[in-house]
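Visitor: The structure follows.
The values are calculated or read from the model by the stated rules, or taken from the named source; none is laboratory data. Model, not experiment: these values are computed from the prediction. Every residue, glycine as well, gets a Cβ built from its backbone with ideal geometry; the counts of neighbours run over all protein chains shown.
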Amino acid sequence: MIDLSIQGPDKTPIGSPVQASKKTSEAQGGEASFGEVLKESISEVNRLQEEADGAVQSLASGQTTNLHETMIALEKADISFRLMMQVRNKILDAYQEIMRTQL
Amino acid sequence: MDLFAGMDISASGLSAQRLRMNLIASNLANVNSTRTEQGGPYRRRMPVFGAAGTTDPRNGFGNAMDRELRRVQVSGILEDSRPGRTVYEPSHPDANPAGYVTYPNVNLIEEMADLITASRSYEANATVISTFKSMALKALEIGR
């Protein structure tokens, strides 16, 4: 299973600690961990939001008169934000499913 | 982000068609301009478009398929070399000694046809963008 420790390095991930630490070191050696990928994609969403904000500002202040570039920047920000929300919903669903487990 | 490569290509198409619209506006506005800074009547201007690679510095090498993508770029703006139309108007201040005035080589009908083509091309690129967006939203609906 993929390491789900998205809260930070100090929180102990769910599952056996030995296996988890092995997985983490493996993840650091090869591909980025899920948490890192998530952080990266969130910062990408943030970048697109800021880009859209800048485009709207420069259009409103008359620095650029490029209407379609502004609209496309807005659309990009919209779609990437929706994608982020879907990922968040999925993570929350999985979390709640686990919390509902009968012990 | 690779996700929006198609959108960026269509955006270049929109920019190119907008420039073309601007040139058509310039041609139509100067249909009767008999003087310019260079001397002589206004000459019809037209854009030359060329295909250019989509290089994203953040993307590094990128995908081999993505490297084949081409956006449109304006290679240059050329002046039409066809002769202007000459009209006999002795009272015109720019008339030559024989009484003939050379008007710009702008053909109204040609410009109107170009105008329709440019606006349809703009529309086509805008449709690509909105289709791209609805495809992305459809893909996001899978998770719902």
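Visitor: On the given criteria, is B:A118 assigned to a helix (DSSP H, G or I), touching a Lys or Arg at 6+ places or on another chain (Cβ under 7 Å), at negative phi and touching a residue at least 60 places away in the same chain (Cβ under 8 Å)? Explain how you work it out, then say what you get.
Guide: Working: assigned to a helix (DSSP H, G or I): yes; touching a Lys or Arg at 6+ places or on another chain (Cβ under 7 Å): yes; at negative phi: yes; touching a residue at least 60 places away in the same chain (Cβ under 8 Å): yes.
Yes: the conditions hold for B:A118.
Visitor: Another question, then. Residues that are surrounded by 15 or more Cβ atoms within 10 Å (Cβ to Cβ), among the hydroxyl-bearing types (S, T, Y) and within 14 Å of chain A (Cβ to nearest Cβ): does region B:39-50 have at least one?
Guide: So far as region B:39-50 goes, no, none of its residues is surrounded by 15 or more Cβ atoms within 10 Å (Cβ to Cβ), among the hydroxyl-bearing types (S, T, Y) and within 14 Å of chain A (Cβ to nearest Cβ).
Visitor: If you don't mind, there's one more thing I want to ask. Considering only residues that are surrounded by 15 or more Cβ atoms within 10 Å (Cβ to Cβ), within 14 Å of chain B (Cβ to nearest Cβ) and touching a residue at least 40 places away in the same chain (Cβ under 8 Å), which ones fall in region A:33-47?
Guide: Within region A:33-47, just A:S41 meets the criteria.
Visitor: Based on what the data block shows, is B:L14 in a helix (DSSP H, G or I), surrounded by fewer than 19 Cβ atoms within 10 Å (Cβ to Cβ), more than 8 Å from the chain's Cα centre (by Cα) and in contact (Cβ under 8 Å) with a residue 60 or more places away in the chain?
Guide: It is false that B:L14 is in a helix (DSSP H, G or I), surrounded by fewer than 19 Cβ atoms within 10 Å (Cβ to Cβ), more than 8 Å from the chain's Cα centre (by Cα) and in contact (Cβ under 8 Å) with a residue 60 or more places away in the chain.
Visitor: Separate question: Please work out if A:M99 is at pLDDT 85 or above, on the phi < 0 side of the Ramachandran plot and either surrounded by fewer than 11 Cβ atoms within 10 Å (Cβ to Cβ) or more than 14 Å from chain B (Cβ to nearest Cβ) (or both). Walk me through how you get there before you give the answer.
Guide: Values: at pLDDT 85 or above: yes; on the phi < 0 side of the Ramachandran plot: yes; either surrounded by fewer than 11 Cβ atoms within 10 Å (Cβ to Cβ) or more than 14 Å from chain B (Cβ to nearest Cβ) (or both): yes.
For A:M99, the condition - at pLDDT 85 or above, on the phi < 0 side of the Ramachandran plot and either surrounded by fewer than 11 Cβ atoms within 10 Å (Cβ to Cβ) or more than 14 Å from chain B (Cβ to nearest Cβ) (or both) - is met.
Visitor: Continuing with this model, one more query. Looking at this structure, is B:S134 within 14 Å of another protein chain (Cβ to nearest Cβ) and surrounded by 11 or more Cβ atoms within 10 Å (Cβ to Cβ)?
Guide: No: the conditions fail for B:S134.
Visitor: If you scan region A:48-86, which residues turn out to be within 17 Å of the chain's Cα centre (by Cα), facing another protein chain (nearest Cβ under 7 Å) and under 24 Å from B:R18 (Cα atoms)?
Guide: Selection gives A:K76 alone.
Visitor: Continuing with the same structure: Being in contact with a Pro (Cβ under 8 Å, 6 or more places away or on another chain), farther than 30 Å from B:M135 by Cβ and at pLDDT below 95 is the requirement here; does B:N22 meet it?
Guide: Spelling it out, it is not the case that B:N22 is in contact with a Pro (Cβ under 8 Å, 6 or more places away or on another chain), farther than 30 Å from B:M135 by Cβ and at pLDDT below 95.
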